[in-house]
Amino acid sequence: MSPRAADGSAGDADYGTIGEGYASYRRPDPRIATQIIRALGEARTVLNVGAGAGSYEPRDRHVTAVEPSATMRAQRPSGLPPAIDATAEDLPFDDGSFDAALATFTVHQWSDLDAGLAELRRVTRGPVLVLSCDPTALDRFWLAEYAPEVIATEAARYPSIELLASALGGRSVIEPVPIPLDCTDGFGEAYYGRPEMLLEPGARLANSAWSFIAADAAELAVRRLGDDLASGAWDDRRGDLRSQPTFDGSLRLVIGRE
């Protein structure tokens, strides 16, 4: 297992550095949440691994949250249970402790994906849900033109959807997740029709891939996007996205059933 960062972050991104404003930009979207709740079915006890600030934790179930980053644990709303300081690869629970497990936007951060998924399956007697991105579909997003390094970084970090489905068992189901135009969860593609948002440093910081590219490359990408927005070039090419209700991007929900 990789050594943990100063604030406890266990993956390749240091949330002690990039996670300070995460809760402001990465608020759970209710439409995505509805799809997750539906997939949880009748589960009453739910484990949320890589829980962060609590996105997509159901409020009508008993949730146990696991989050290694102290910065992220500190941003959990008061209405949510405190998160346990632990990692996906070494969960401090007995076999079959939970009806269901949830991992949203986190598996690409894990230092040992196979071990983490095996632990999720070990402690869960029902469905295991993983919300992630299909690395082969990331280039559908127009950001690939402005910041190809960001897209390439994400593609290299995200595990294949087929690998996730296979690791979670033979009865796994893969569901595409439509991204709404006014999506409140500010992962990159959430801004497909609101490009100005990616000019905000906080919005970029809440997408960890930006922290892996060189500062000059990031500055160039932002400058080019800003110039195209100011000149109207972005709208000439993609203005229809500003009113497109949903975007068929890379977001996928993998549901592993025993």
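Taken together, the values in this text are just the output of simple stated rules run on the coordinates, not laboratory data. These figures come from a predicted structure and were not determined experimentally. For neighbour counting, all protein chains shown are included, and Cβ atoms are generated from backbone atoms with ideal geometry for every residue, glycine included.
With both residues required to sit in region 15-256, DSSP beta bridges show an antiparallel share near 50%.
Subtracting the Cα-Cα distance of Arg125 and Ala217 from their residue separation scaled by 0.36 nm leaves 28.6 nm. Choose one answer from Asp29, Asp185, Asp228: the residue with the largest mean-square fluctuation in a GNM of the chain with alpha-carbon springs under 10 Å. Of Asp29, Asp185, Asp228, the Gaussian network model singles out Asp228 as fluctuating most. Here Ile32, Ile213 are placed in order of increasing Cβ neighbour count within 10 Å, fewest first, which gives Ile213, Ile32. Packing order of peptides 109-115, 85-91, highest average first: 85-91, 109-115 (average count of other Cβ atoms within 10 Å over each peptide's residues).
Using the alpha-carbon atoms, what tilt in degrees (0 to 90, nearest 10) does helix 215-231 show relative to the longest principal axis of the chain? Compared with the principal axis, the helix lies near 60 degrees.
For region 52-90 versus region 167-188, the inter-centroid distance based on Cα atoms is 20 Å. Quick one: if you stick a label point 7 Å off each Cα along the C-beta vector at Ala156 and Asp60, how many nm between them? The answer from the label model is 4.4 nm. Between Arg31 and Arg237, the C-beta separation translates, for a Förster distance of 30 Å, into a calculated FRET efficiency of about 0.65.
When the Gaussian network model of the chain links Cα atoms closer than 10 Å, the mean-square fluctuations of Arg122, Arg242, Arg59 top out at Arg59. Peptide packing: for 70-83, 126-139, the average count of neighbouring Cβ atoms within 10 Å per residue gives the ranking 126-139, 70-83, highest mean first.
State, as an integer percentage, the relative contact order of region 15-256 based on alpha-carbon contacts under 8 Å between residues 6 or more apart. Walk me through the numbers on the way to the answer.
On the way: 441 pairs, mean separation 54.6, N = 242.
Relative CO of region 15-256 lands at 23 percent.
For region 18-95, relative contact order (Cα pairs under 8 Å, six or more residues apart, normalised by length) works out to 27 percent.
Per-residue ellipticity at 222 nm for the chain, helices alone: DSSP H runs ≥ 4 residues times -39500 (n - 2.57), over residue total, nearest 500 deg cm²/dmol? Using -39500 (n - 2.57) per qualifying helix, the result is -8500 deg cm²/dmol. Neighbour counts of C-beta atoms inside 10 Å place Thr45, Thr104 in the sequence Thr45, Thr104, starting with the fewest.
Can you tell me the 0 to 90 degree angle between the C-alpha axis of helix 113-123 and the longest principal axis of the chain, rounded to 10? Here the helix axis deviates by roughly 40 degrees. The long axis of helix 148-157 is offset from the longest Cα principal axis of the chain by roughly 10 degrees.
With contacts taken as Cα pairs under 8 Å and at least 6 residues apart, region 68-128 reaches a relative contact order of 38 percent.
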